[in-house]
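Report on the following structure.
The values are calculated or read from the model by the stated rules, or taken from the named source; none is laboratory data. Quick caveat, the model's predicted, so the values are computed rather than measured. Here the Cβ positions follow ideal geometry from the backbone for every residue, glycine too, while neighbour counts run over all protein chains shown. For the accessible areas, the whole protein counts, side chains as well, though only heavy atoms, and no ligand, DNA or RNA atoms are used. Shrake-Rupley method; radii C 1.70, N 1.55, O 1.52, S 1.80 Å.
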Amino acid sequence: PSIPTNIALVGQMIVGGVTMTNSLQDYTFSGTGSTVGSATLTKAGTGSLDIEANTELSVNLTQGTLTGAGTVNSVDISPGATMVYSGTINAGVVCGGTGTSSGNITGLVDVQDGGVFTNLNAITGNLLMETNSFLNNSGSISDLGPTATVDPGAFLLNIGNISDSGVANGGTMQV
């Protein structure tokens, strides 16, 4: 028998944690249900994971690709991994690999050394760009708080909009 690759969430599920390795097949989380709680989904393997459901999962993407239009808590993209996500991320992104968001991100976006991130829609939260990182902002970044940092050797290409009352009211954007 074949292994199902569509995991349909039905009802509310309390998840303690999920670990998956998918190199042979791509998987989809879909359905009208949701996960609740502070669980982490760790995804390894070269295959892709498509999240179309509403979850409270924090995704630790160690390999492969994360796609989808659902809701997750946060995403941590390891070097060599790729995110192309159009959904909602509620608690920020740490990007050591390659990430693209055409959805909404709330919380810190930390582009790490060697990370490449593209914002096509909206980031509401603080920004940290570490040395040798690249961020292409074609959308909007707002509510940075009292500090936002672009370290020496980092590159911020802004063809979108950056606005913030915190930085404008005595905070700093260190560049």
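For the range 1-24, the candidate set comprises residues that are hydrophobic (A, V, I, L, M, F, W, C), within 23 Å of Q63 (Cβ to Cβ) and not in a loop (DSSP other than H, G, I, E, B); within that set, the residue that is least open to solvent (accessible area, probe 1.4 Å) is M20. Residues considered: T118, T149. Of these, the only one that is of a type outside the set (A, V, I, L, M, F, W, C), at pLDDT below 95, assigned to a strand (DSSP E or B) and open to solvent by less than 40 Å² (accessible area, probe 1.4 Å) is T149. In the set (1) modelled with pLDDT of 95 or more; (2) farther than 23 Å from N132 by Cα, D76 fails one condition alone, (2).
Do you know which residues across the range 26-53 are part of a loop (DSSP other than H, G, I, E, B) and under 16 Å from A81 (Cα atoms)?
Listed by number, the residues that qualify are D26, G45, T46, G47.
In the range 56-66, how many are open to solvent by less than 10 Å² (accessible area, probe 1.4 Å), touching a Gly at 6+ places or on another chain (Cβ under 8 Å) and outside any strand (DSSP E or B)? Counting residues in the range 56-66 that are open to solvent by less than 10 Å² (accessible area, probe 1.4 Å), touching a Gly at 6+ places or on another chain (Cβ under 8 Å) and outside any strand (DSSP E or B) gives 0.
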